[in-house]
Amino acid sequence: MKPSTQDWIDHFRWNGSVAMRIPWHIGPDLTDADRAAIAHSIQIFQLGENSEGRHLMRYAKEWAARTGDTAYPEAIRMLIGEEQRHANVLGRFMEMNNIARLKHGSSDRIFWQARNFLGNLEISISVLVTAEIVAKVYYPALRDATASIVLREICEQIQREEIAHVEFQTQQLARIRRDRPAYAIWATRLLHRLLFYPTLIIVAMSHRKAIRRASLSPHQFFIQCRREFLSDLPAMTAATLEIKRVVERPNPQPLPSREG
Ligand SMILES: [Fe+2]
Ligand SMILES: [Fe+2]
């Protein structure tokens with residue numbers, strides 16, 4: 001059965017109680033070679049994760065008032081909280097390993113900025129989920145790009161959360177689009193493709209140094225992201241309101257140590 005908004009709140013609450021058990025006690029464990037390959041990339045993603053989500057919050061409240069889905073703003077608040085936690089954890093790792101935080105945006109911030117200009121819940125979520133689909137591939141690549149135990153753990157945990165975020169967002173998009181006629185659904189999917197592919201090319205090229213460190217070519221990264229996108233796209237529309245799976249709840253694992 002499809003998770004309700006309240007199910008998602010329960011999920012975020014449970015996840016907040018077990019997530020992000022990072023082995024900080026290991027200390028700075030990033031090699032110079034790894035730092036040279038990934039520093040700029042991680043700076044961009046750390047900046048991107050860091051959003052107050054004010055616009056999204058406003059749209060969520062409007063949705064709740066319009067539809068009676070009064071739990072939705074709380075679910076969005078918790079989602080934004082997880083994103084901020086991603087930013088904080090990445091930021092702490094960067095500080096520990098002498099990587100400066102970026103203050104200003106770059107072309108990569110197109111994900112996070114575009115949704116604020118375009119002004120409604122559907123577009124806002126569509127842009128956000130686009131970034132999250134890429135994140136599902138990026139964080140495993142970043143993990144494979146480094147031997148840092150701390151960073152590898154961070155990447156695995158963020159990836160797990162982004163998988164859940166994509167499910168949450170695609171379900172909401174399907175709700176928003178529920179009564180849309182077939183031709184409009186077709187146009188919606190076309191527009192999303194037009195957003196996704198150029199953005200993906202920019203990301204694959206501008207992060208190629210880190211991606212290559214993970215033994216992936218920008219083209220392979222593109223192919224993996226496209227595969228994720230095409231498997232998530234049907235769930236974003238009313239035709240597939242039955243959701244493919246409920247988010248798994250893995251048991252918390254013991255923290256890794258330097259000795260293994
Ligand atoms: Fe995130
Ligand atoms: Fe996310």
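The values are calculated or read from the model by the stated rules, or taken from the named source; none is laboratory data. What you see is a predicted model; the values in this text were computed from it and never measured. Ideal geometry is used to build each Cβ from the backbone, glycine not excepted, and the neighbour counts take in all protein chains shown. With ligands, DNA and RNA removed, areas are computed over all heavy atoms of the protein, side chains included. Shrake-Rupley method; radii C 1.70, N 1.55, O 1.52, S 1.80 Å.
Scan the stretch 141-160 for residues that are open to solvent by 10 Å² or more (accessible area, probe 1.4 Å) and either among the charged types (D, E, K, R) or within 15 Å of ligand 2 (Cβ to nearest atom) (or both) and jot them down.
If the condition is that a residue be open to solvent by 10 Å² or more (accessible area, probe 1.4 Å) and either among the charged types (D, E, K, R) or within 15 Å of ligand 2 (Cβ to nearest atom) (or both), then Arg143, Asp144, Arg152, Glu153, Glu156, Gln157, Gln159, Arg160 are the ones that fit.
Which ones in the stretch 85-100 are more than 13 Å from ligand 2 (Cβ to nearest atom), more than 12 Å from Phe45 (Cα to Cα) and open to solvent by 20 Å² or more (accessible area, probe 1.4 Å)?
Correct list: Arg92, Glu95, Met96, Asn98, Ala100.
Which numbered condition in (1) farther than 18 Å from Gln224 by Cα; (2) surrounded by 20 or more Cβ atoms within 10 Å (Cβ to Cβ); (3) more than 8 Å from the chain's Cα centre (by Cα) is the only one that Leu128 fails?
Status for Leu128: all satisfied but (3).
Which residues, counting only those in the stretch 51-84, are open to solvent by 40 Å² or more (accessible area, probe 1.4 Å) and part of a loop (DSSP other than H, G, I, E, B)?
Step one: list which residues in the stretch 51-84 are open to solvent by 40 Å² or more (accessible area, probe 1.4 Å), which gives 52, 54-55, 58, 61-62, 65-68, 70, 74, 77, 84.
The answer is Glu52, Gly68, Thr70.
Select from the stretch 1-50 the residues that are open to solvent by 40 Å² or more (accessible area, probe 1.4 Å) and within 17 Å of Gly91 (Cβ to Cβ) and list them in ascending order.
Listed by number, the residues that qualify are Trp24, Pro28, Arg35, His40, Asn50.
Filter the stretch 39-92 down to the residues that are among the aliphatic types (A, V, I, L, M), over 23 Å from Ser126 (Cβ atoms) and away from ligand 1 (no atom under 16 Å from the Cβ) and list them by number.
So in the stretch 39-92, the residues among the aliphatic types (A, V, I, L, M) come out as 39, 42, 44, 47, 56-57, 60, 64-65, 71, 75-76, 78-80, 87, 89-90.
With the extra rule that they be over 23 Å from Ser126 (Cβ atoms), the set shrinks to 39, 42, 89-90.
Answer for the stretch 39-92, where residues must be among the aliphatic types (A, V, I, L, M), over 23 Å from Ser126 (Cβ atoms) and away from ligand 1 (no atom under 16 Å from the Cβ): just Ala39.
As an exercise: evaluate Ile154 against (1) out of contact with any Phe, Trp or Tyr (no Cβ under 7 Å at 6 or more places or on another chain); (2) under 20 Å from Phe45 (Cβ atoms); (3) within 16 Å of ligand 1 (Cβ to nearest atom) and give the number of the one condition it does not meet.
(1)
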